[in-house]
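Student: Mind looking over this structure? Questions follow.
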Amino acid sequence: MEVLRTIDLYFGYRIMKVGFIKRNKQNEHHRVVILGAGFGGLWATKTLVHYPVDVCLIDQNNYHTFLPLLYQVASAELEPEDIAYPVRSIIRKFLNVHFLLAKVNKIDLKAQIIETDICMISYDFLILSMGSITHFFGVKGYEYVYPLKTLEQGINLRNQILTCFERALYEPDEELQKSLLTFVIVGGGSTGVEFAGTLAELVYGRMKKDYRNLDFKKVKLILLEAGERLLPNLPDRLGNYALSRLNKIEVEVRFNSKVSEVRPDELKLIDGSIIQTHTIAWTAGVRGEPELKNWGLPTNSNGRVTVLNTLQVPGYPNVYAVGDLAYLEEDGHPLPMVAPVAIQQGVAAGKNIALQISNEPPVPFHYRDQGTMVVIGRNAAVAYLFNRFYFTGFLAWIIWLAIHLFRLIGFRNRFLVLINWAWDYIYYERVVRLILPTKSSSP
């Protein structure tokens with residue numbers, strides 16, 4: 001094959017004009033490719049910097065998003081850049097790690113080649129950490145809802161909420177005005193409860209002062225849960241506390257409410273009831289990318305990659321899956337799709353690759369569950385720690401704030417988030433009530 005042009009890349013490969021990256025002969029390090037710069041991918045990267053490997057981190061975005069706080073972008077409490085951090089800044093000090101901004105189109109597991117929209121890359125070891133996508137459970141008209149998985153989606157949802165208030169203020173049709181002021185959140189898990197709490201603070205706090213001529217008795221915040229209680233992964237006492245807290249801040253919670261169809265101006269439930277609304281925030285669930293199955297990866301009914309207890313993909317000992325993408329059970333229950341799981345799995349996958357390079361067998365992964373916390377507006381949260389201790393109220397809220405500030409990447413981000421939270425807490429002011437231009441106005 002004639003090479004028309006060759007460009008030396010920092011990570012010891014060469015990219016040819018025909019679009020194939022291969023290793024330089026003088027570079028004898030094992031090549032590890034990590035797909036996804038989320039929690040799992042980043043922590044796997046940080047682990048591998050201590051070993052004799054060349055790491056190529058690939059993501060279609062050049063930043064890492066702190067997803068646990070994405071809903072605060074949608075509720076105008078934080079700016080998008082407060083929870084995003086450049087990947088290149090994170091890996092700057094890691095001499096054996098290099099970043100490629102690209103979208104993965106295909107993985108050839110047998111040939112050990114990854115095809116991207118820029119080039120093809122071969123690997124010795126592969127870590128899949130592409131996260132998850134929104135699961136709509138076959139609901140008709142899902143294109144009319146507002147999911148909450150990316151920064152762009154967070155901005156779109158914020159734009160929609162603020163735009164509805166602007167339209168409602170001068171809408172002469174009372175029924176249309178009511179539908180514009182009805183906001184529905186689908187899903188009573190952690191994200192749905194947290195978003196409902198912070199949205200209630202926005203609507204009945206600063207928005208009520210901004211739109212003085214609007215009758216806020218027409219405003220409705222509705223949280224729909226398909227099951228029989230909120231926060232089903234936590235003890236009943238904590239779910240009941242969340243319910244009482246949401247009711248106190250004027251959020252209507254409906255149980256056993258499954259969505260069957262969505263239209264531009266209404267939502268239909270399985271029982272036949274209809275809610276007139278223009279804004280539906282979808283936090284009901286996530287799943288794996290459907291393309292994974294076409295690439296030959298073993299997936300379950302939810303599209304997640306089934307892995308061995310070592311996090312290896314069955315049949316491919318040099319391929320690992322971590323985070324939301326990986327399906328692994330412990331004690332008969334699947335591990336939750338949360339950041340702590342992804343972080344621990346990323347570290348474990350990196351260490352197992354190091355063991356394989358040393359001709360030692362990889363070790364099984366065991367999740368150390370340190371607990372779950374959910375904030376429910378101002379001065380209120382629930383905490384369930386180490387599967388033993390649980391408490392609610394102001395103390396849980398303070399601990400939630402401290403933990404999330406600590407987990408944010410970058411001093412600047414921590415400082416800006418702290419300033420925004422403090423300003424909101426002291427002055428009851430959301431400073432990010434901006435309707436920004438986006439690629440499209442639809443979700």
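The values are calculated or read from the model by the stated rules, or taken from the named source; none is laboratory data. Here the structure is a predicted model, which means the values were calculated and not measured. In this analysis, Cβ positions are derived from the backbone assuming ideal geometry, glycine residues included, and neighbour counts consider all displayed protein chains.
Student: Filter region 133-166 for residues that are among the small types (Gly, Ala, Ser) and modelled with pLDDT of 95 or more; which is nearest to Leu199 (Cα to Cα)?
Tutor: Per the criteria, the residue is Gly154.
Student: Among the residues of region 158-172, is there at least one that is touching a strand residue (DSSP E or B) at 6+ places or on another chain (Cβ under 8 Å) and surrounded by fewer than 19 Cβ atoms within 10 Å (Cβ to Cβ)? Don't jump to the end; show me each part of the working.
Tutor: Initial filter on region 158-172 (touching a strand residue (DSSP E or B) at 6+ places or on another chain (Cβ under 8 Å)): 160-161, 164.
Applying the additional criterion that residues be surrounded by fewer than 19 Cβ atoms within 10 Å (Cβ to Cβ) yields none.
Within region 158-172 (the criterion being touching a strand residue (DSSP E or B) at 6+ places or on another chain (Cβ under 8 Å) and surrounded by fewer than 19 Cβ atoms within 10 Å (Cβ to Cβ)), the answer is no, since none of the residues qualifies.
Table: residues versus (1) closer than 22 Å to Ala348 by Cα; (2) without any contact (Cβ under 8 Å) to a residue 24 or more places away in the chain.
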{"residue": "Asp271", "(1), (2)": "no, yes"}
{"residue": "Ala281", "(1), (2)": "no, no"}
{"residue": "Val286", "(1), (2)": "no, no"}
{"residue": "Trp295", "(1), (2)": "no, no"}
{"residue": "Val305", "(1), (2)": "yes, no"}
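Student: Moving on. For region 140-166, give me the residue count where each residue is outside any helix (DSSP H, G or I) and under 22 Å from the mean Cα position of the chain (by Cα).
Tutor: Filtering region 140-166 down to residues outside any helix (DSSP H, G or I) leaves 140-141, 145-150.
Checking which are under 22 Å from the mean Cα position of the chain (by Cα) leaves us with 145-150.
Residues flagged as outside any helix (DSSP H, G or I) and under 22 Å from the mean Cα position of the chain (by Cα) within region 140-166 amount to 6.
Student: Please specify each residue of region 64-73 satisfying the condition of being farther than 17 Å from Ile343 by Cα and either among the hydroxyl-bearing types (Ser, Thr, Tyr) or in the same structural domain as Leu157 (by TED's automatic domain parsing) (or both).
Tutor: Result: Tyr71, single match.
Student: From the list Leu100, Leu169, Leu180, Leu109, exactly one residue is modelled with pLDDT of 95 or more, under 24 Å from the mean Cα position of the chain (by Cα) and among the aliphatic types (A, V, I, L, M). Which is it?
Tutor: Leu100
Student: What pairs can you find where one residue is in region 32-50 and in contact (Cβ under 8 Å) with a residue 40 or more places away in the chain, the other is part of a helix (DSSP H, G or I) and hydroxyl-bearing (Ser, Thr, Tyr), and their Cβ atoms are less than 7 Å apart, with a gap of 6+ or different chains?
Tutor: Ile34/Thr45
Student: Give me a count of the residues in region 319-349 that are surrounded by fewer than 17 Cβ atoms within 10 Å (Cβ to Cβ) and either in a strand (DSSP E or B) or of a type in the set (Gly, Ala, Ser) (or both).
Tutor: Residues meeting the conditions: 5.
Conditions tested, residue by residue: (1) within 22 Å of Ala396 (Cβ to Cβ); (2) under 24 Å from the mean Cα position of the chain (by Cα); (3) modelled with pLDDT of 95 or more; (4) outside the structural domain of Tyr204 (by TED's automatic domain parsing).
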{"site": "Glu225", "(1), (2), (3), (4)": "yes, yes, yes, no"}
{"site": "Leu231", "(1), (2), (3), (4)": "yes, yes, yes, no"}
{"site": "Tyr241", "(1), (2), (3), (4)": "yes, no, yes, no"}
{"site": "Lys258", "(1), (2), (3), (4)": "no, yes, yes, no"}
{"site": "Val262", "(1), (2), (3), (4)": "no, yes, yes, no"}
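Student: Just to be sure, is Val184 under 22 Å from Ile376 (Cα atoms), touching a helix residue (DSSP H, G or I) at 6+ places or on another chain (Cβ under 8 Å) and assigned by TED's automatic domain parsing to the domain that holds Arg245?
Tutor: On the way: under 22 Å from Ile376 (Cα atoms): yes; touching a helix residue (DSSP H, G or I) at 6+ places or on another chain (Cβ under 8 Å): no; assigned by TED's automatic domain parsing to the domain that holds Arg245: yes.
Criteria not met by Val184.
Student: Can you spot a residue in region 29-46 that is surrounded by fewer than 16 Cβ atoms within 10 Å (Cβ to Cβ), more than 30 Å from Val193 (Cβ to Cβ) and not assigned by TED's automatic domain parsing to the domain that holds Ile155?
Tutor: So far as region 29-46 goes, no, none of its residues is surrounded by fewer than 16 Cβ atoms within 10 Å (Cβ to Cβ), more than 30 Å from Val193 (Cβ to Cβ) and not assigned by TED's automatic domain parsing to the domain that holds Ile155.
Student: Could you please let me know if Gln356 is exposed (fewer than 14 other Cβ atoms within 10 Å of the Cβ), within 30 Å of Leu128 (Cβ to Cβ) and touching a strand residue (DSSP E or B) at 6+ places or on another chain (Cβ under 9 Å)? Talk me through it step by step, then tell me what you get.
Tutor: Working: exposed (fewer than 14 other Cβ atoms within 10 Å of the Cβ): no; within 30 Å of Leu128 (Cβ to Cβ): yes; touching a strand residue (DSSP E or B) at 6+ places or on another chain (Cβ under 9 Å): yes.
When the stated conditions are applied, Gln356 does not pass them.
Student: Follow-up question, since we're still on this one. Checking Ser301 against (1) of a type in the set (Ser, Thr, Tyr); (2) free of Cβ contacts under 8 Å to residues at least 40 places away in the same chain; (3) within 15 Å of Val382 (Cβ to Cβ), which single condition isn't satisfied?
Tutor: Result: Ser301 passes all but (3).
Student: Same structure, new question: Which of the residues spanning region 75-91 are hydrophobic (A, V, I, L, M, F, W, C) and assigned to a loop (DSSP other than H, G, I, E, B)?
Tutor: Ala76, Leu78, Ile83
Student: I need the full set of residues from region 92-122 which are part of a strand (DSSP E or B) and of a type in the set (Asp, Glu), in order please.
Tutor: Asp108, Glu115
Okay, residues lined up against (1) among the small types (Gly, Ala, Ser); (2) under 16 Å from Thr279 (Cα atoms); (3) free of Cβ contacts under 8 Å to residues at least 60 places away in the same chain:
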{"site": "Glu143", "(1), (2), (3)": "no, yes, no"}
{"site": "Pro147", "(1), (2), (3)": "no, yes, no"}
{"site": "Ile155", "(1), (2), (3)": "no, yes, no"}
{"site": "Asn159", "(1), (2), (3)": "no, yes, no"}
{"site": "Phe165", "(1), (2), (3)": "no, yes, yes"}
{"site": "Ser179", "(1), (2), (3)": "yes, yes, no"}
{"site": "Thr191", "(1), (2), (3)": "no, no, no"}
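Student: Would a scan of region 386-407 turn up a residue that is part of a helix (DSSP H, G or I), within 29 Å of Pro232 (Cβ to Cβ), in contact (Cβ under 8 Å) with a residue 40 or more places away in the chain and aromatic (Phe, Trp, Tyr)? Break it down stepwise before answering.
Tutor: Step one: filter region 386-407 for residues part of a helix (DSSP H, G or I), giving 394-407.
Now restrict to residues that are within 29 Å of Pro232 (Cβ to Cβ): 394-407.
Still in the list and also in contact (Cβ under 8 Å) with a residue 40 or more places away in the chain: 404, 407.
Next, only the ones that are aromatic (Phe, Trp, Tyr) stay: none.
No, that holds for no residue.
Student: Something else: Identify all residues within region 355-385 that are of a type in the set (Ser, Thr, Tyr), part of a loop (DSSP other than H, G, I, E, B) and under 20 Å from the mean Cα position of the chain (by Cα); write none if there are none.
Tutor: Listed by number, the list holds a single entry, Tyr367.
Student: Next question, about the same structure. Taking region 194-244 as the search range and keeping residues that are assigned to a loop (DSSP other than H, G, I, E, B) and in contact with a strand residue (DSSP E or B) (Cβ under 9 Å, 6 or more places away or on another chain), which one is nearest to Leu70 (Cα to Cα)? Please lay out each step first, then the result.
Tutor: The first filter runs over region 194-244 and keeps only residues assigned to a loop (DSSP other than H, G, I, E, B), leaving 211-215, 219, 225-235.
Imposing the further condition that a residue be in contact with a strand residue (DSSP E or B) (Cβ under 9 Å, 6 or more places away or on another chain) reduces the set to 219, 225-226, 230-231, 233-235.
On the way: Val219: 24, Glu225: 20, Ala226: 23, Leu230: 20, Leu231: 19, Asn233: 21, Leu234: 22, Pro235: 25 Å.
So, considering only residues that are assigned to a loop (DSSP other than H, G, I, E, B) and in contact with a strand residue (DSSP E or B) (Cβ under 9 Å, 6 or more places away or on another chain), the one nearest to Leu70 (Cα to Cα) is Leu231.
Student: Here is a follow-up. Looking only at region 111-148, count how many residues are in contact with a Phe, Trp or Tyr (Cβ under 9 Å, 6 or more places away or on another chain) and more than 30 Å from Gln160 (Cα to Cα).
Tutor: Residues flagged as in contact with a Phe, Trp or Tyr (Cβ under 9 Å, 6 or more places away or on another chain) and more than 30 Å from Gln160 (Cα to Cα) within region 111-148 amount to 12.
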